[in-house]
1. Give me the lysines in straight-line cross-link reach of Lys50: C-alpha distance below 19 Å, same-chain residues under 8 apart excluded.
2. Which option, [x] 0.96; [y] 1.52; [z] 1.02, is the value of Cα Rg over 2.2 N^0.38 Å that was calculated from these coordinates?
3. When you count, for each residue, the other Cβ atoms within 10 Å and take the mean per peptide, how do 160-172, 10-22 rank with the highest first?
4. Just check the range 49-88 against the gyration tensor rule for me: Cα atoms, a ≥ b ≥ c as the square roots of the eigenvalues, rounded for a/c under 1.5, and otherwise prolate or oblate depending on whether a/b exceeds b/c.
5. I want the antiparallel fraction of DSSP beta bridges within the chain, as a percent rounded to 5.
6. With an 8 Å cut-off on Cα pairs and a minimum separation of 6 or more residues, tell me the relative contact order of the range 88-156 in percent.
7. Any idea what angle helix 112-125 forms with the longest principal axis of the chain, computed on alpha-carbon atoms, 0 to 90 degrees, nearest 10?
8. State the extension gain, in nm to one decimal, for the chain segment bounded by Ser31 and Ile107, taking 0.36 nm per residue of separation less the distance between their alpha-carbons.
Amino acid sequence: MGENCSLLKAENLTMVYNSPQGPLEALRGLSLQVQEGEFVGIVGPSGCGKSTLLRLLSGLLKPTSGRVLWRGKLLDGPREEMGFVFQKANLMPWRNVLANVTLPLEIRGFNGDEAREKAIELLKLLGLDGFLHIYPRELSGGMEQRVALARALIYDPEILFLDEPFSSLDALTRERLNVELARIWHIKCKTVVMVTHSIQEALFLADKVLVMSPRPGTIKASFDVPFPRPRDISIIYSPQFASLAKAIRGVIS
């Protein structure tokens, strides 16, 4: 796609926070583009501003300078076309799985039966149709994150922002959810921007991996991911995967 076809575009983003120690520059002059249907992974050293960037791209924060364009128009706040999954699932403990997932539709005034039908279909897709009436306290961490993903997808957003949603999970569960997310992305054909500390996770899931510099963060390098889809988890053990992971790690170091 050409430049004018970008679904999301950031131009010269700079973000400065006020802190007790004085101004803290989190991002400086950062620019990027996300094409429709693309899965973009963002990696970088701790504290480089990855989560700040995601909040700017989704309209949850406004930049100190620069701008974010959504379909060529200035983004001035969160939009209904955008879904967000945070590091913590943040489920309502007094609502069961089904009620947690239907919440965004209830807020938008959807008919109760329609909301329930949509939620059940999505939970079935995520392998949670047997847990509709279970409460968050009874769920594992991986199941909580799947519910959070279902809640973000329930109103069919055009773009999904993922802020290290699997970072607190054990390695095996995280690997399984990576496979699950890749499958859902393939079925739903969503545009995804994902922040992660895991180079392996970014390479397995993304079409393109962006590497951020230390704070103040900017885009230091971009890597196209050549592996065909659908991807089997065994690809992470291939020489080509290891070589690309090493190259990305070398840029971060």
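Each value in this text was obtained by applying a stated rule to the coordinates, not by laboratory testing. All figures in this text were calculated on a predicted structure; none of them were measured in a lab. Here the Cβ is made from the backbone with ideal geometry for all residues, glycine too, and neighbour counts use every protein chain on show.
1. Answer for Lys50, where 19 Å is the Cα cut-off: Lys9, Lys62, Lys88, Lys208, Lys220, listed by chain and number.
2. [z]
3. Values: 160-172: 18.6, 10-22: 13.6.
By packing density, highest mean first, the sequence is 160-172, 10-22.
4. Values: a/c = 2.40, a/b = 1.24, b/c = 1.94.
Here the range 49-88 falls in the oblate category.
5. Numbers: 22 of 40 bridges.
Of the beta bridges lying entirely in the chain, close to 55 percent run antiparallel.
6. Working: 73 pairs, mean separation 35.1, N = 69.
Across the range 88-156, relative contact order equals 51 percent.
7. 70
8. Details: separation 76, 0.36 × 76 = 27.36 nm, distance 3.39 nm.
So the chain would gain 24.0 nm between Ser31 and Ile107.
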